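The values are calculated or read from the model by the stated rules, or taken from the named source; none is laboratory data. As the structure is a computational prediction, the values presented were derived from the model and not from experiment. Ideal geometry is used to build each Cβ from the backbone, glycine not excepted, and the neighbour counts take in all protein chains shown. Accessible surface is based on the protein model in full, side chains and every heavy atom, while ligands, DNA and RNA are left aside. Shrake-Rupley method; radii C 1.70, N 1.55, O 1.52, S 1.80 Å.
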Amino acid sequence: MPLLDPLVPAVLLRIDRNPFHHGTLGAVRSLGRAGVEVHLVADCAASPVRDSRFIRRLHPPPAPDARPADIAAVLHRVAGQLGRPAVLVAMDDAGAVAVSRLREQLSSAFLLPPQPGVLAERVADKAELAATCARVGVPHPVTLVPDSPAEAAAGVRRLGLPMVAKWSRPWLLPTGRGLRSTVLLRSTREARELYARSAEAGSRLLLQAFLPPGPDCDWFFHGYADRNGFLRAGGPGRKHRSWPRGAGLTAVGEWADNPRVTASAERLVEALGYRGILDLDFRRDAGTGGYHLLDFNPRPGAQFRLFTEASGLDVVRALHLDLTGRGLPAPTPRPGRGFVVENYAPLAALRRRPQGRELAWHAPDDPAPGLVMWALWSRHVAGRVAERVVRRAVDRARAAARPGRAAAGTAGQGAHGPAASVAAGRSSESAPPAEPVSTPRPAGRPGPLPAGLADPARTAPTQADPAGAACLVRQGGATPSTSPTSPIDDEKASSH
């Protein structure tokens, strides 16, 4: 492949604090091996990434809740230290949205794809993604946006249980509050309680039809849309194992040809005028055979190194080549190539593949991050196990104390005492609400946007078009199963 320009450094930006994001390490290694000077703007104090020999310099990141002006100040400070233009690569959604909004302010110091200013935010917002899919004809699960707890309950009755709940802008979720970007709901009460935390979450709650996982159902697509809108590098991949199970990041993946997934990616890029790196997540509906788009991430996916062509090209190198005016080589795909995240699938990491494979952490030419990962991961797992043991002990102690209190409280009250009240309370919680409810509006209807990255001049999505709304409803999956294979945690929780 053509040599990358060693005179143009790369700045990788990661605002999220997850120490085990192997995608960041993949980008550091990919560019560093090609002779590019790599600067990392991220919190790596407890991350194995900081030990990579391919990092030229670490820079303090902006705070997770930083305003756009603060993010711009951090990046301009890094640019001042470099003294020459650099290729800027955002490694998480928060960074991608911020860089997209700050494009004009950053263009004098950084090389960036010619991306419309709010497009990255539109595709990353899960509520707007549903409306986008309806417009361009890409299948997407039926998605509702409730305006009240009562509408959340109505959404449960309409979509059935179990169902998926998502926050439309997961990059705004506060840390340490127990809120996850994606969860599986099993009761009306859970939907009401989650809706009540909307202000805390910083964005709108979405209720989405559940598409059960299964063999050959989870797919992804990584690519780079060049300045002319052509998809270069990357390709479609199949997720064999995920963490958490049934959803979440790719623990074991394979580069696998899938013309339908590729066609959906091309359709989205053309219709939106998207430019830059993208990571799409799909789930096949076993009933209809349709591939439903679940996520559009405007940045490299954590497993992007799976799609390393025979020439050495991947989506991050394609970005650097394109923005520095160098030609991209002809595609040389490698179907059958594998990718394994060792700490989530250690046994799979021991098996070699005839077509080759990439490990997320271990690399012979950069061994330190892999060794540090195992030490940190062992400590992390031990802490989680201890936390669960303590929690279960507390739960058992509370359960043992309840019978005594109940016996004292029910003396002389007969069948109408507190015990009967508790039983009645449980019944009322699971029963449908008595008050009249309105129908939740489909995703895409304009609503209040959070401060900071919100655009007050933004126009409403095209959900006002009745045909678009009808299309959104028709694209829903089959009737959700009442016994899901596994719970859904953050779809990017451990990779983000």
Would you mind calculating the gained length between residue 332 and residue 395 on full extension (0.36 nm times residue separation, minus the Cα-Cα distance), in nm to one decimal? 17.1 nm
With equal scatterers on the alpha carbons only and no solvent term, can you work out the Debye log10 of I(q)/I(0) for segment 252-363 at 0.10, 0.16 1/Å? -0.35, -0.90
Ordering of 33-39, 292-298, 212-218 by packing [mean C-beta count within 10 Å, highest first]: 292-298, 33-39, 212-218
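Stokes-Einstein diffusion coefficient for segment 106-240 at 20 °C in a medium of 1.002 mPa s, Rh from the Kirkwood formula over Cα pairs: what value in µm²/s? Mind dumping the intermediate values first?
Values: Rh = 17.1 Å.
Translational diffusion coefficient: 125 µm²/s.
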Bin width 5 Å, origin at 0, all Cα-Cα pairs of segment 1-123: what percent of pairs per bin? 2, 12, 23, 24, 21, 13, 4, 0
Can you work out the PRE-style zone for residue 45? Point 7 Å along Cα to Cβ, and I want the residues of segment 375-398 with backbone N under 18 Å. 376-377, 380
May I ask you to evaluate 6.51 cos²θ - 1.76 cosθ + 1.60, the Karplus curve with θ = phi - 60°, for each residue of segment 104-111 and list the ³J(HN,Hα) values in order in whole Hz, giving x for glycine and proline? 5, 5, 9, 5, 6, 10, 10, 8
At what distance in angstrom do the alpha carbon centres of segment 27-81 and segment 206-263 lie from each other? 27 Å
So if we plug the beta-carbon distance of residue 196 and residue 136 into 1/(1 + (r/R0)^6) with R0 = 41 Å, what FRET efficiency do we get, rounded to 0.05? 0.75
Mean Cβ count within 10 Å, highest first, over the residues of peptides 171-183, 325-337: 171-183, 325-337
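Computed over the Cα atoms of segment 238-311, what is the convex hull's projected area averaged over all directions, in nm²? Please report the intermediate quantities before stating the final value.
Values: hull surface 23.0 nm².
Mean shadow area of the hull around the Cα atoms is 5.8 nm².
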Multiplying the sequence separation of residue 187 and residue 70 by 0.36 nm and subtracting their Cα-Cα distance, what value in nm do you get? 38.0 nm
With the crude spin-label approximation of a point 7 Å out along Cα→Cβ, what separation in nm comes out for residue 388 versus residue 3? 5.2 nm
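According to the Cα gyration tensor, what semi-axes, each the square root of 5 times an eigenvalue, does the equivalent ellipsoid of segment 344-394 have, listed from largest to smallest in whole Å?
Result for segment 344-394: semi-axes of 31, 14, 5 Å.
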Given the options 102, 42, 52, identify the residue whose Cα lies farthest towards the positive end of the charge dipole of segment 6-129 (+1 on Cβ of Lys, Arg; -1 on Cβ of Asp, Glu). 52
Taking Lys and Arg as +1 and Asp and Glu as -1, residues besides residue 102 with C-beta under 12 Å from its C-beta add up to 0
Amide H neighbours of residue 111 under 5 Å, at least 5 residues apart or on other chains, H built in the peptide plane: list them. 86, 87, 88
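At a threshold of 8 angstrom on Cα-Cα distance, excluding pairs fewer than six apart, so keeping six or more, what relative contact order does segment 102-201 reach in percent?
Numbers: 82 pairs, mean separation 24.0, N = 100.
Once divided by the residue count of segment 102-201, the mean separation gives 24 percent.
Could you give the length gained on full extension between residue 107 and residue 175, defined as 0.36 nm per residue of separation minus the Cα-Cα distance, in nm?
Working: separation 68, 0.36 × 68 = 24.48 nm, distance 3.10 nm.
Between residue 107 and residue 175, full extension yields 21.4 nm more.
Please report the carbon-and-sulfur percent of the accessible area for segment 102-248; probe 1.4 Å, protein heavy atoms only, DNA, RNA and ligands left out.
Numbers: 2580 of 5220 Å².
Accessible surface attributable to carbon and sulfur in segment 102-248 totals 50 percent.
How big is the Kirkwood radius of segment 195-319, worked out from every pair of different alpha carbons and given in Å to one decimal?
Numbers: mean 1/r = 0.0647 Å⁻¹.
The answer is 15.5 Å.
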In whole angstrom, how long is each semi-axis of the equivalent ellipsoid of segment 3-73, when you take the square root of 5 times every eigenvalue of its Cα gyration tensor and sort them from largest down? 21, 15, 9
